[in-house]
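Shown next, in structure tokens, is the structure this report addresses.
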Amino acid sequence: MIHITDSDPHRLFLEAGDVYATREEVFLSTLLGSCVSVCLYDPKTGVFGMNHFVLPRVPAGTEDDHSGRYGTNAMDILIHRMVELGAQPRHLIAKAFGGANLFSEEATGPRPPVVGEENARFIQAYLAKKEILLNASDLGGTKGRNILFSGRDFSVQVRRCSASQTLAVAHQARRYE
């Protein structure tokens with residue numbers, strides 16, 4: 001569910017599973033751990049958008065609810081919404097963030113480094129397959145990230161989370177996984 005922040009009505013916060021596209025000069029923000037967000041824009045039309053996905057694809061044996069929680073769906077939905085607003089797929093440029101291994105020994109104790117790495121590998125392969133330029137990325141590591149994407153100039157500010165914030169993000173991520 002996308003929220004307008006109390007401090008700034010031109011700043012929208014995306015939660016896990018959200019996808020948003022627009023041509024208005026707003027800021028899109030989110031908080032990431034093992035999840036990935038793609039900031040996608042068409043510099044020729046001014047259409048841009050962002051998603052926040054939890055897993056790269058629908059897990060085997062699970063019925064696909066076609067939500068933005070899954071990378072394949074989140075990317076297809078985002079591109080579709082942007083095209084509806086006038087974006088041209090051949091002009092799209094991407095910036096990708098997240099995919100942290102929150103469950104490594106450095107972050108929260110021993111746990112297999114699976115989801116964040118899978119999300120990072122997925123988005124790189126997806127963008128390459130669709131021939132979408134990946135202009136910037138900050139993927140992997142063991143820290144959560146705060147992302148702020150500007151609709152004015154398509155810039156992205158990335159702020160790494162503190163250890164306590166990363167731990168909180170890790171607990172939230174476990175619920176989604």
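The values are calculated or read from the model by the stated rules, or taken from the named source; none is laboratory data. Nothing here was measured: the structure is a model prediction, and the numbers come from that model. Using ideal geometry, Cβ is built from the backbone for each residue, glycine included, and neighbour counts are taken over all protein chains shown. Just the protein is used for accessible areas: all its heavy atoms, side chains included, with ligands, DNA and RNA removed. Shrake-Rupley method; radii C 1.70, N 1.55, O 1.52, S 1.80 Å.
ALA100 - would you say it is modelled with pLDDT under 95 and more than 16 Å from GLU131 (Cα to Cα)? The answer is yes for ALA100.
Let's see how each residue does on (1) touching a Gly at 6+ places or on another chain (Cβ under 8 Å); (2) touching a residue at least 60 places away in the same chain (Cβ under 8 Å); (3) under 20 Å from LYS130 (Cα atoms):
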{"site": "GLU24", "(1), (2), (3)": "yes, yes, no"}
{"site": "PHE27", "(1), (2), (3)": "yes, yes, no"}
{"site": "GLY33", "(1), (2), (3)": "yes, yes, no"}
{"site": "VAL47", "(1), (2), (3)": "yes, no, yes"}
{"site": "VAL58", "(1), (2), (3)": "no, no, yes"}
{"site": "TYR70", "(1), (2), (3)": "no, no, yes"}
{"site": "MET75", "(1), (2), (3)": "no, no, yes"}
{"site": "LEU85", "(1), (2), (3)": "no, yes, yes"}
{"site": "HIS91", "(1), (2), (3)": "no, no, yes"}
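In region 52-80, the residue that is nearest to GLY17 (Cα to Cα) out of those that are open to solvent by 40 Å² or more (accessible area, probe 1.4 Å) and touching a Phe, Trp or Tyr at 6+ places or on another chain (Cβ under 8 Å) is ARG69.
Within the option set VAL83, VAL58, being over 24 Å from ARG145 (Cβ atoms) and in contact with an Asp or Glu (Cβ under 6 Å, 6 or more places away or on another chain) holds for one residue only, VAL58.
Within region 25-51, the residues that satisfy the criterion of being touching a Ser or Thr at 6+ places or on another chain (Cβ under 9 Å), open to solvent by less than 10 Å² (accessible area, probe 1.4 Å) and either farther than 17 Å from ILE93 by Cα or among the small types (Gly, Ala, Ser) (or both) are SER29, THR30, GLY33, SER37, GLY49. I'd like the full set of residues that are acidic (Asp, Glu) and over 15 Å from the mean Cα position of the chain (by Cα), limited to region 123-141. Across region 123-141, the qualifying residue is only GLU131. Scanning region 159-177 finds no residues that are in contact with a strand residue (DSSP E or B) (Cβ under 6 Å, 6 or more places away or on another chain) and at pLDDT 95 or above.
Condition first: out of contact with any Phe, Trp or Tyr (no Cβ under 6 Å at 6 or more places or on another chain), at pLDDT 90 or above, under 14 Å from MET75 (Cα atoms) and polar (S, T, N, Q). Can you find one or more residues in region 129-152 that meet it? No: zero hits. What about ARG121, is it modelled with pLDDT of 95 or more, surrounded by fewer than 19 Cβ atoms within 10 Å (Cβ to Cβ), of a type in the set (D, E, K, R) and more than 18 Å from ALA21 (Cβ to Cβ)? Yes: the conditions hold for ARG121.
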